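Novice: First, the structure itself, so that you have it in front of you.
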Amino acid sequence: MKHHFTGIAFVGLFLLTALPFVSSGLALSAGFAFSFLFGNPFPRQTGQYSKTLLKLSVVGLGFGVNIVSVLEVGRDSLLLTLISLLVTILVGQGLGRWLQVPANTRQLIAFGTAICGGSAIAAMAPVIKAKDEEIAVSLATIFTLNALALLLFPPLGQLFGLSQEQFGLWAALAIHDTSSVVGAAAAFGSVALAVGTTAKLTRALWIAPCALLAGAYYKSAEKTGIPLFILGFIAAAGISSWLSAYAPIWDGIYGIARQALVMTLFLIGSGLTREVLKQVGLRPLLMGLLLWILVSAATLTLICSGVIG
């Protein structure tokens with residue numbers, strides 16, 4: 001009976017996050033608090049649905065982005081992306097060795113930090129033949145830091161006096177998963193959301209070439225490609241840009257997608273259970289935290305000094 005009422009309360013709270021006044025940070029916090037206090041009554045379903053809803057939300061957000069901006073960001077950030085990917089992966093490997101984190105785990109955390117969190121880890125895991133527990137620990141580490149980023153980055157952006165363009169770029173470079181980038185940027189402003197989403201998704205296009213290079217290095221037969229939701233985002237941006245006469249329709253889809261993302265973050269927060277936190281372990285979490293702080297501080301410094309922007 002208790003489980004029954006917990007399930008009803010969980011579903012009711014999830015549906016409340018569809019209301020337009022509920023923010024991404026509030027939804028994430030509510031999901032985490034409910035799970036921590038009462039337990040997640042639907043752990044398997046929320047894990048599955050959050051992934052699906054996230055991908056659909058990201059595709060829907062593409063209707064609010066100009067395709068020309070996507071192409072320009074991808075072109076202009078080519079050198080920056082290559083350098084930052086290489087430096088992040090190398091520093092991550094060094095930190096992992098220093099902290100004695102197992103090889104596959106440190107590689108997955110470094111790759112997830114360098115590109116786009118869980119999607120990058122999922123693509124790289126079969127290439128390096130990572131075990132299930134190594135994948136789980138890496139995902140849990142990144143997931144924990146994503147939750148922190150959603151709560152910390154918007155007030156930090158205000159503290160450092162960042163413009164919306166600067167904050168969007170910083171979020172894209174320093175926050176792991178696309179969902180958390182979008183959530184943090186949406187909390188900062190509409191311009192930050194457009195810049196952050198575009199920069200992050202163009203960065204995520206590097207999953208495939210990086211995984212292919214790793215496959216050649218490890219002599220792996222596993223193949224990977226660009227996640228379909230990223231292609232969907234680009235297609236949505238192209239459709240809304242070329243058929244601008246239907247702007248009210250695209251704006252409506254974009255608005256629905258933004259609130260669907262808030263609902264997704266409630267599900268993501270509900271997955272941050274006590275069991276997940278215990279599973280992470282101190283060394284991988286410390287590695288992920290130190291690498292994340294270094295990346296965040298370096299990119300913020302470069303953005304504020306005008307070196308990148």
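Novice: Most mobile of ALA33, ALA216, ALA192 per a Gaussian network model of the chain (Cα springs, under 10 Å)?
Specialist: Sorting by GNM fluctuation, first place goes to ALA216.
Novice: Evaluate 2.2 N^0.38 Å with N set to the residue count of region 1-148, then give the Cα radius of gyration divided by it. Before the final figure, lay out the partial values.
Specialist: Numbers: Rg = 18.7 Å, N = 148, 2.2 N^0.38 = 14.7 Å.
So the Cα radius of gyration is 1.27 times the expected 2.2 N^0.38 Å.
Novice: Return the equivalent ellipsoid semi-axes of the chain as a descending list in whole Å, where each equals the square root of 5 times an eigenvalue of the C-alpha gyration tensor.
Specialist: Working: eigenvalues 144, 136, 71 Å².
Rounded to whole Å, the semi-axes are 27, 26, 19.
Novice: Name the residue, out of LEU148, LEU95, LEU80, whose mean-square fluctuation peaks in a Gaussian network model built on the chain with Cα pairs under 10 Å.
Specialist: Comparing LEU148, LEU95, LEU80 in a Gaussian network model of the chain, the most mobile one is LEU80.
Novice: Could you state the accessible area per residue of the chain in Å², with a 1.4 Å probe and every protein chain left in place?
Specialist: Details: 14590 Å² over 309 residues.
Using a 1.4 Å probe on heavy atoms only, each residue of the chain averages 47 Å².
Novice: Additional query: Any idea of GLU133's accessible area? Nearest 10 Å², probe 1.4 Å.
Specialist: Accessible area, nearest 10 Å²: 110 Å².
Novice: Starting at 0 and stepping by 5 Å, how many percent of the alpha carbon pairs of region 114-250 end up in each bin?
Specialist: 2, 11, 17, 17, 18, 14, 11, 7, 3, 1, 0
Novice: Helix-only mean residue ellipticity at 222 nm, the chain, DSSP H runs n ≥ 4 weighted -39,500 (n - 2.57), per residue, nearest 500. What is it?
Specialist: Working: 16 runs with 246 residues, N = 309.
When only DSSP H runs of four or more count, the value is -26000 deg cm²/dmol.
Novice: Where the accessible area of region 1-119 is counted over protein heavy atoms with a 1.4 Å probe, how much of it, in %, is carbon and sulfur?
Specialist: Details: 4570 of 6320 Å².
The nonpolar share, carbon plus sulfur, comes to 72 percent.
Novice: Can you report the principal axis dimensions of region 78-161 using only the alpha carbons, biggest first, rounded to whole angstrom?
Specialist: Projected onto the principal axes, the Cα atoms of region 78-161 cover 43, 29, 25 Å.
Novice: Could you give me the ³J(HN,Hα) list for region 134-149, computed from phi with Karplus coefficients 6.51, -1.76, 1.60 and θ = phi - 60°, whole Hz, x at Gly and Pro?
Specialist: Each residue of region 134-149 in turn: 5, 5, 4, 5, 5, 5, 5, 4, 5, 4, 4, 5, 4, 4, 5, 4 Hz.
Novice: Mind checking the full-extension length gain between SER244 and SER190? Use 0.36 nm per residue of separation minus the Cα-Cα distance, one decimal, nm. Provide the component values of the computation, followed by the final result.
Specialist: Details: separation 54, 0.36 × 54 = 19.44 nm, distance 1.88 nm.
That works out to 17.6 nm of additional length.
The values are calculated or read from the model by the stated rules, or taken from the named source; none is laboratory data. Quick caveat, the model's predicted, so the values are computed rather than measured. Side chains included, ligands, DNA and RNA excluded: accessible areas come from the protein's heavy atoms. Shrake-Rupley method; radii C 1.70, N 1.55, O 1.52, S 1.80 Å.
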